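Worksheet for the structure shown next.
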Amino acid sequence: MGTMRQSQPFVDRAHPAIAGARVLVVDDDPGTCELLETMLKGLGYETVTAQSGPEALDALKDPFDVVLSDIRMGEMDGVELCEKIHAEWPGLPVVMITGFSSFETAVASLRAGAYDFLTKPVDREILAACVARAAKARQLDREIRRLKREVGGSTPIPGAVGASPAMKQVYDLVDRVAPTDASVLIHGETGTGKELVARAIHARGPRAHGPFVALNCAAVPALLLESELFGHARGAFTDAKASRDGLFVAANGGTIFLDEIGELPLELQVKLLRVLQDHRVRPLGSTHEVSFDARLITATHRDLETEVHEHRFREDLYYRINVVTIHVPPLRERGTDVLAIAQHILHQRGGPEAPSLSPSVAERLLSYEWPGNVRELENCIERALALARFDQLTVQDLPEKMHTHRAQQLVVDATSPTELVTIDELERRYIQRVLSLVGGNKTRAARILGLDRRTLYRKLEAPGEQAE
Ligand SMILES: Nc1ncnc2c1ncn2[C@@H]1O[C@H](COP(=O)(O)OP(=O)(O)OP(=O)(O)O)[C@@H](O)[C@H]1O
Ligand SMILES: [Mg+2]
C-alpha cells in the first residue's frame, strides 16, 4: 500500500494560472514519485502522488488538471489506468511516462487516449513544457465546456455573442445611446459586427417600430448614390421614367444606416450635411423639398479623423454624424469570445449533434489574427463543419493558413519535443515566411534569402512535410 500525500486544498479561480494547476503523479516506485513531485513543486504545481492505478482513481475524486502516469505498474498498468481516466474524466490530460522509448508503448498509450508521453529519465525542461501544455489544454477544455453550457446567453445586441471587457464596453454604449435619438458613428474593421450594432441601436431605440433602411455607400456607383439617398423626380435623368422616393424618405419614422460613410464622394458630403441640418431632401430634378424624420447611424472601417486631416472627409459633416462613436473591437482583442462565437456558430449551423471544439482547435482559433474578424470566423467554422469527420473538429478541418500560422510566427519557439522540427522543415517555414512578407514576390524573396531564383524555385518545389 503506497502513501498519498495531499498538498493544499484546491482553489477554483476564475482563470487558474497554469502555475497553480494540480498534477497527480502515479508511479509504483516511491523514488520516482518523489523525484517528479520535487520537480513539479519547484515549477509551481500542486502535486499529489499515488503508487498504483486504484489509488490514483481514488485520488481523482478531487479535481486535477494533469495526470502523469508510469506505464509499467503492478495491479493496473498505465494504459489501463489511462483508459479508465479517459472514460470517466474525458477532458483530463494523461501524460504517460515510459522507462524506455518504444513505438509500441507510445501507440498503445495514445490509443488509450493519452495526451502525450515522456521517457525516463525525465528531463526537467521537457517535463515543464509538457505539463504546461497539458494544463493549458485542460484549461481550454474547461472553458469550452463552460461556453457550451452558456450558449444562447443573451447580450444587448441580438445575434452577438461574447462577454470580453472590450465587448462589454460596446454593450454599455449601445445601452446608453439607443434610447436617445443621437446620431451614432460606428467604427470597426471589416466583419466586426458593425451592422449588428446598428440594428441593435435601432431595435432598442424610440423608433423601433419604424423602418430600418440600410445603404452601403461603397457598393453603389457615385452617380446613383444621390438619387438612392434623396430620390428623383420623373424625367430627372434618361432612365427616370417615374419619380422615386429616396432612402431618407423611406426611413421616415425609423432609422437610416449609411454603411462605409467614408467612401461618400465629397460633393455628396456637402449635400448630405445640408439634408441633415434641414431635415429635408430635394429629390434630383425636383423643385420641391420633402421633409423626413429619421435617425442617422453611420459606419466606417476608416479612421475618419485622419480622413478629415487629409481633406477626404468634410470636418463639418464629421461632427454632425459623430455625436457618439462606438468602436467595435477587432476579434483578436476579444480573448475567448472567439471560442464563444465559434461554439455559437457550431450550435446554430450544426444543431445539437454538431461536433465540438477540441483544445487544439481552440488553441489555433485563439492564436490566429482574424484579419476578416467575425465574418472570417463564421466562414472558417462553416467550412470545418462541412469537412468534419469526427464528433470533434480537428486542426485538419481548419483552413491551411491556420495550420501553419503558429509555425510561421514562432519558427523555433517549441514548447514540447513533439513540436521540434528538422532543419529542412525549418528552412521551408522560413522561406514561406519571407515569401508571405514580400507578398509572394519570388525575386525579392530570393534576394532576402541570399539564393538565386532558380535555387528558390527548386526549394519551393521540393515536397515539404506538412507542418502538423
Ligand atoms: N459578436 C458576434 N457574435 C456572433 N456573430 C457575430 C458577432 N459579430 C458579428 N457577427 C456576425 O458576423 C457577420 C459580420 O457582421 P456584420 O455584417 O455586422 O459586420 P460589419 O462590421 O458590418 O462588416 P463589414 O465591415 O464587412 O460591413 C454577420 O454574419 C454577423 O451576424
Ligand atoms: Mg457592414
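The values are calculated or read from the model by the stated rules, or taken from the named source; none is laboratory data. No experiment lies behind these values; they were computed from the predicted model shown. Here the Cβ is made from the backbone with ideal geometry for all residues, glycine too, and neighbour counts use every protein chain on show. Protein only, heavy atoms only, side chains kept; ligands, DNA and RNA dropped before computing areas. Shrake-Rupley method; radii C 1.70, N 1.55, O 1.52, S 1.80 Å.
I need a count of the residues in the stretch 43-57 that are open to solvent by 10 Å² or more (accessible area, probe 1.4 Å) and either among the aliphatic types (A, V, I, L, M) or without any contact (Cβ under 8 Å) to a residue 40 or more places away in the chain (or both).
Of the residues in the stretch 43-57, the ones open to solvent by 10 Å² or more (accessible area, probe 1.4 Å) are 43-46, 51-52, 54-55, 57.
Of the ones still in play, those that are also either among the aliphatic types (A, V, I, L, M) or without any contact (Cβ under 8 Å) to a residue 40 or more places away in the chain (or both) are 43-44, 46, 54, 57.
Result for the stretch 43-57: 5.
Between LEU377, LEU357, which is open to solvent by less than 40 Å² (accessible area, probe 1.4 Å), of a type outside the set (Ser, Thr, Tyr) and within 17 Å of ALA137 (Cβ to Cβ)? Going through LEU377, LEU357 in turn, the sole match is LEU357.
Listed here are the residues, each with its yes/no results for (1) surrounded by 21 or more Cβ atoms within 10 Å (Cβ to Cβ); (2) within 12 Å of ligand 1 (Cβ to nearest atom); (3) closer than 30 Å to PRO355 by Cβ.
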| position | (1), (2), (3) |
| --- | --- |
| ILE256 | yes, no, no |
| GLU289 | no, no, no |
| ARG302 | no, yes, no |
| TYR318 | no, no, no |
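If you go through the stretch 205-231 and keep only what is within 16 Å of ligand 1 (Cβ to nearest atom) and not polar (S, T, N, Q), you end up with PHE212, VAL213, ALA214, LEU215, CYS217, ALA218, ALA219, VAL220. Taking the criterion of being surrounded by 15 or more Cβ atoms within 10 Å (Cβ to Cβ), basic (Lys, Arg), more than 16 Å from ligand 2 (Cβ to nearest atom) and farther than 15 Å from ARG282 by Cα, the residues of the stretch 197-250 that qualify are ARG204, ARG207.
The number of residues in the stretch 71-110 being open to solvent by less than 10 Å² (accessible area, probe 1.4 Å) and among the charged types (D, E, K, R) comes to 0. Filtered by the rule that a residue be open to solvent by 70 Å² or more (accessible area, probe 1.4 Å) and under 41 Å from the mean Cα position of the chain (by Cα), the stretch 258-276 gives LEU266, GLU267, LYS271.
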